[in-house]
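Please read the structure below before turning to the comments.
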Amino acid sequence: MIYAELSGGLGNQMFIYAFARALGLRCSEPVTLIDRRDWMDGAPAHTALALDALHPSAEVRITRDTGLTRRRLPLASAAKVLMIKYEQRAGLMARDWQPFEAAAAPLLNALGLHFATEGYTPVHRGRSRDFLAWGYFQAEEYFADCAGTLRGELMPRDADDARTRELCARIEASPCPVCLHWRCGDYLRPENAALQVCTPDYYARACAEVRRRLPEAEIFAFSDDPDYLAAHLDSAGLPVRLASGSRSAAADLGLMRRCRAFVLSNSTFSWWAQWLAGAAPDRVFAPDRWYANGKHSALLRRDWTRLPTRP
């Protein structure tokens with residue numbers, strides 16, 4: 001059995017699901033995802049289970065038994081706790097941990113654990129009866145060979161409310177619908193300075209580039225703070241439709257993936273929208289860095305249009 005512990009919001013949960021499901025498919029093993037409700041107000045952070053708004057496979061079990069892995073995989077669980085404490089003490093956001101995690105992976109995999117906070121660290125299943133995956137697994141390499149299966153399972157369910165139906169019709173009728181996602185909220189807090197990359201200047205440059213390349217573009221703007229977006233967005237004269245405010249993050253994602261071009265924030269939520277849409281690389285406009293402190297991310301593709309985020 002492959003176990004994976006869910007943490008974060010919808011975007012992070014989708015990466016965890018994709019990693020575990022792809023590993024299960026390659027190894028012909030069942031997967032159990034653990035909804036870590038005990039992490040709601042702590043670190044690692046967790047919001048609420050959001051995968052049930054997608055189309056998860058019936059072969060993937062989801063449980064709220066937070067003590068399951070400690071009972072089934074005591075050695076792997078103890079190694080996981082030590083890794084978390086070490087990285088948090090040294091500053092999880094302050095440095096790139098991928099080289100350290102890659103060096104530790106052979107030993108951890110032999111113990112029945114794959115630990116990867118970010119980036120791509122190759123995984124080897126090993127001979128342990130059960131296997132625990134912990135991390136965010138923010139790299140397409142983990143599941144690229146299973147993309148066809150995962151695209152169906154990670155597709156949001158259609159929301160059946162009047163406003164979502166109206167926005168869906170508007171997007172589909174647009175000659176060139178462009179999804180612009182602006183992550184605000186927690187990203188604007190002082191303690192999250194490393195995430196403060198996508199400034200109003202970045203979005204102004206992105207809209208100007210969209211207008212130059214796609215003169216028929218219509219911007220459909222999504223944000224966790226629509227008022228902030230409306231007050232700060234310079235759309236370079238392109239028409240803008242504020243599209244946030246659906247009843248759930250998954251409903252917003254279902255609208256976003258219907259667009260045909262994308263202006264991304266440094267957010268996994270943005271990333272999944274363009275991936276689910278199957279957007280052509282030349283239709284994706286992204287920041288030139290994922291972190292303000294220069295930390296590496298495997299999510300930024302070289303063939304995207306990457307725009308300056310510094311003044």
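The values are calculated or read from the model by the stated rules, or taken from the named source; none is laboratory data. Fair warning: this is a prediction, and the values are worked out from it, not measured in the lab. All Cβ positions, glycine included, derive from the backbone under ideal geometry; neighbour counts span all protein chains shown. When the accessible area is computed, the model is the full protein with side chains, heavy atoms only, and any ligands, DNA or RNA have been set aside. Shrake-Rupley method; radii C 1.70, N 1.55, O 1.52, S 1.80 Å.
A compact table of results
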read-out: Near pairs, Cβ below 7 angstrom, 6+ apart or cross-chain, from region 275-297 (under 12 Å from Val197 (Cα atoms) and at pLDDT 95 or above) to any residue that is of a type in the set (Lys, Arg) and surrounded by fewer than 19 Cβ atoms within 10 Å (Cβ to Cβ); value: Ala286/Arg306; Pro287/Arg306; Asp288/Arg306
read-out: Among (1) open to solvent by 60 Å² or more (accessible area, probe 1.4 Å); (2) in contact (Cβ under 8 Å) with a residue 12 or more places away in the chain; (3) out of contact with any strand residue (DSSP E or B) (no Cβ under 8 Å at 6 or more places or on another chain); (4) not in a helix (DSSP H, G or I) - the single one Arg241 does not satisfy; value: (3)
read-out: Residue tally, condition open to solvent by 10 Å² or more (accessible area, probe 1.4 Å), of a type in the set (A, V, I, L, M) and within 9 Å of Glu218 (Cα to Cα), over region 163-186; value: 0
read-out: Within region 90-115, considering residues that are touching a residue at least 24 places away in the same chain (Cβ under 8 Å), farther than 23 Å from Gly67 by Cβ and among the aliphatic types (A, V, I, L, M), the one surrounded by the most Cβ atoms within 10 Å (Cβ to Cβ); value: Met93
read-out: Selection status of Tyr228, over 28 Å from Ala53 (Cβ atoms), in contact (Cβ under 8 Å) with a residue 12 or more places away in the chain and not charged (D, E, K, R); value: no
read-out: Sole exception among (1) at pLDDT below 95; (2) in a loop (DSSP other than H, G, I, E, B) for Asp38, by number; value: (2)
read-out: Given (1) assigned to a helix (DSSP H, G or I); (2) more than 26 Å from Ala53 (Cα to Cα); (3) within 18 Å of the chain's Cα centre (by Cα), index of the condition Leu150 fails; value: (2)
read-out: Failed condition for Ala193, given (1) outside any strand (DSSP E or B); (2) under 18 Å from Pro177 (Cα atoms); (3) at pLDDT below 95; (4) not aromatic (Phe, Trp, Tyr); value: (2)
